[in-house]
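As structure tokens, the structure follows; a few thoughts come after it.
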Amino acid sequence: MTGTLDRLWIVLGALAGLTGVAMAAVAAHGLSALDPAALRMVDSAVQVQGWHAPALVLAGIWARRGGALAHLAGAAFALGTLAFCAAVYLLALRGLSLGLVAPTGGVLLMLGWALLGLSALHAR
């Protein structure tokens, strides 16, 4: 089971990286009609997604040594990236607010970094 979770974080990191690059391309070439505030929101979400794609890959690589805390970090990165980025993209592109989903995603991302650090301190 552990090996499967290791691979899951890496696959999700690769998917986040792939879709982050795609969103960056769309923002650069296809969103010129957006108002500047919405474009800044998209850019912010792309940046967060870009930083957390390799964090997911790292969690997958580190998980065998970092154990349960590294897996919890991977889960926090995956859920946090999805929640934060989806909420920001929907608000910027559709004007649809998901309330506290973006800040909850941000808290999950911070928790992921804390868990990753703790996993290093408690590594076998």
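When Met23 is tested against (1) modelled with pLDDT of 95 or more; (2) crowded, with 20+ Cβ neighbours inside 10 Å; (3) among the hydrophobic types (A, V, I, L, M, F, W, C), just one condition goes unmet, and that condition is (1). Residue-level analysis places Val42 among those that are under 23 Å from Met23 (Cα atoms), surrounded by 21 or more Cβ atoms within 10 Å (Cβ to Cβ) and of a type in the set (A, V, I, L, M, F, W, C).
Quick one: count up the residues across the stretch 27-36 that are in a helix (DSSP H, G or I) and without any contact (Cβ under 8 Å) to a residue 12 or more places away in the chain. Residues in the stretch 27-36 being in a helix (DSSP H, G or I) and without any contact (Cβ under 8 Å) to a residue 12 or more places away in the chain: 4 in total.
Condition test on Ala123, is it part of a helix (DSSP H, G or I), exposed (fewer than 15 other Cβ atoms within 10 Å of the Cβ) and small (Gly, Ala, Ser)? So Ala123 fails the test. Examine the stretch 29-43 for a residue that is over 20 Å from the mean Cα position of the chain (by Cα), within 17 Å of Ala87 (Cβ to Cβ) and not basic (Lys, Arg), and state whether such a residue exists. Within the stretch 29-43 (the criterion being over 20 Å from the mean Cα position of the chain (by Cα), within 17 Å of Ala87 (Cβ to Cβ) and not basic (Lys, Arg)), the answer is yes, since at least one residue qualifies.
The set of residues from the stretch 47-86 being hydrophobic (A, V, I, L, M, F, W, C) and either buried (at least 23 other Cβ atoms within 10 Å of the Cβ) or in contact (Cβ under 8 Å) with a residue 60 or more places away in the chain (or both) comprises Val48, Ala55, Leu56, Ala59, Ala63, Ala70, Ala73, Ala76, Phe77, Ala78, Phe84, Cys85. When the residues of the stretch 87-116 are filtered to those that are of a type in the set (A, V, I, L, M, F, W, C) and not in a helix (DSSP H, G or I), which remaining residue is surrounded by the most Cβ atoms within 10 Å (Cβ to Cβ)? Taking the candidates together, the pick is Leu98.
The values are calculated or read from the model by the stated rules, or taken from the named source; none is laboratory data. This structure is a prediction, so every number in the text was calculated from the model and none was measured. Methodologically, a virtual Cβ is constructed for each residue, glycine included, from the backbone with ideal geometry; neighbour enumeration extends over all protein chains shown.
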